[in-house]
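Since the structure comes first, as structure tokens, the remarks are kept for the end.
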Amino acid sequence: MNGPYKPGTPCWIDLMVPDQQAALDFYCDLFGWQGEVGPAEQGGYSVCTLKGRPVAGIMKASNPDGTVPDPMPPTVWTTYLSTDAIDPTLKAVTDAHGTVMMGPMDVMDLGRMAVVADPTGAVFGLWQPGSFDGAGIVNEHGALIWNELSTSDVPAAAAFYSAILPISTAASHMPGAEGYTEFKASGRVVGGMMNLDKTPPGTPPNWLPYFQVDNVDDIQAAAVRAGATVLAPAFDMVAGRMAVLADPQGGPFAVITSTVTEQPA
């Protein structure tokens, strides 16, 4: 990726975990990333890289004052959607009955961020780029390829995201993907959405990142050897072969060997 992402496009993901070093070890070994605990003045935030380009962030769960949260928040990946102007976007979030959970805040000269929740409770981030646009490599082995919203109310979620960002939604026309909804930004498919009834009972609304891998079965086996849990064993589906896993600290993510010839950037 060169240059900024179109507004409404997933542009970055990061993970907040109780044990940052353990998460770095797990994902770097699994996907071939490079990463280390960042400097104290940046809260230890780690920008993981692949082929020298940023792919994801990993940070230690902590309160704003640096103390350990009690209770500890769930270990989850946060998907960030790109925006040209974060303050008007946040106003649109509240006008559309979403919730601002954190921010807005400047991240040095890198950009501005906020974390919000849609009206169904799915949490996601907003990123207004400064010197940092987001993921510098996508759609390759070990890199982000897809972001998917599972929600309790697809029509309400579609209306919300279209109200806050220049995003449109449409039913997928891919054979075998009946009932699946696509997000589009600037006319390009950039993510997907499905109803929670396709997920295990009790799953809350959420955004799930997918990583492209050369061989899903090998990655699943390697993840299990490293302490991960299999949430959905490797299976063939309309877009390729995929599996849903949870890292050793409980963070869910998907891996896929995509057979779709054109992937969103």
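Numbers for the structure displayed
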| read-out | value |
| --- | --- |
| Options Ala265, Ala234; residue that is on the phi < 0 side of the Ramachandran plot, modelled with pLDDT of 90 or more and either open to solvent by 20 Å² or more (accessible area, probe 1.4 Å) or in contact with a strand residue (DSSP E or B) (Cβ under 6 Å, 6 or more places away or on another chain) (or both) | Ala234 |
| Only one of Gly44, Gly8 that is within 30 Å of Ser168 (Cα to Cα) and not in a strand (DSSP E or B) | Gly8 |
| Residues located in region 59-93, provided they are among the β-branched types (Val, Ile, Thr) and open to solvent by less than 70 Å² (accessible area, probe 1.4 Å) | Thr67, Thr75, Val76, Thr78, Thr79, Thr83, Ile86, Thr89, Val93 |
| Residue list for region 185-206, filter: open to solvent by 40 Å² or more (accessible area, probe 1.4 Å), without any contact (Cβ under 8 Å) to a residue 60 or more places away in the chain and not acidic (Asp, Glu) | Gly187, Asn195, Lys198, Pro200, Pro201, Gly202, Thr203 |
| Failed item in (1) acidic (Asp, Glu); (2) out of contact with any helix residue (DSSP H, G or I) (no Cβ under 8 Å at 6 or more places or on another chain); (3) at pLDDT 95 or above; (4) open to solvent by 10 Å² or more (accessible area, probe 1.4 Å), with Asp14 passing the rest | (4) |
| Test result for Thr120, farther than 15 Å from Tyr80 by Cα, crowded, with 19+ Cβ neighbours inside 10 Å and in contact (Cβ under 8 Å) with a residue 12 or more places away in the chain | yes |
| Residues (charged (D, E, K, R), in a loop (DSSP other than H, G, I, E, B) and either touching a residue at least 60 places away in the same chain (Cβ under 8 Å) or under 19 Å from Pro4 (Cβ atoms) (or both)) located in region 54-104 | Asp84 |
| Test: Ala226 is open to solvent by 40 Å² or more (accessible area, probe 1.4 Å), more than 28 Å from Ala171 (Cα to Cα) and in contact with a Leu (Cβ under 9 Å, 6 or more places away or on another chain) | yes |
| For Pro209: the one exception among (1) open to solvent by 60 Å² or more (accessible area, probe 1.4 Å); (2) touching a residue at least 12 places away in the same chain (Cβ under 8 Å) | (1) |
| Leading residue by the ranking (farthest from Leu110 (Cα to Cα)) among those in region 22-55 that are under 20 Å from the mean Cα position of the chain (by Cα) and of a type in the set (S, T, N, Q) | Gln34 |
| Ala56 vs. criteria open to solvent by 20 Å² or more (accessible area, probe 1.4 Å) and not β-branched (Val, Ile, Thr) | no |
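Okay, residues lined up against (1) modelled with pLDDT of 95 or more; (2) of a type outside the set (Val, Ile, Thr); (3) closer than 21 Å to Pro252 by Cβ:
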site	(1), (2), (3)
Gln21	yes, yes, yes
Leu24	yes, yes, yes
Val37	no, no, no
Gly43	no, yes, no
Val47	yes, no, no
Ile58	yes, no, yes
Ala61	no, yes, yes
Met72	no, yes, yes
Trp77	yes, yes, yes
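The values are calculated or read from the model by the stated rules, or taken from the named source; none is laboratory data. Quantities reported herein were computed from a predicted structural model and do not represent experimental measurements. Heads up, the Cβs are rebuilt from the backbone with ideal geometry, glycines too, and the neighbour counts pull from every protein chain shown. Accessible surface is based on the protein model in full, side chains and every heavy atom, while ligands, DNA and RNA are left aside. Shrake-Rupley method; radii C 1.70, N 1.55, O 1.52, S 1.80 Å.
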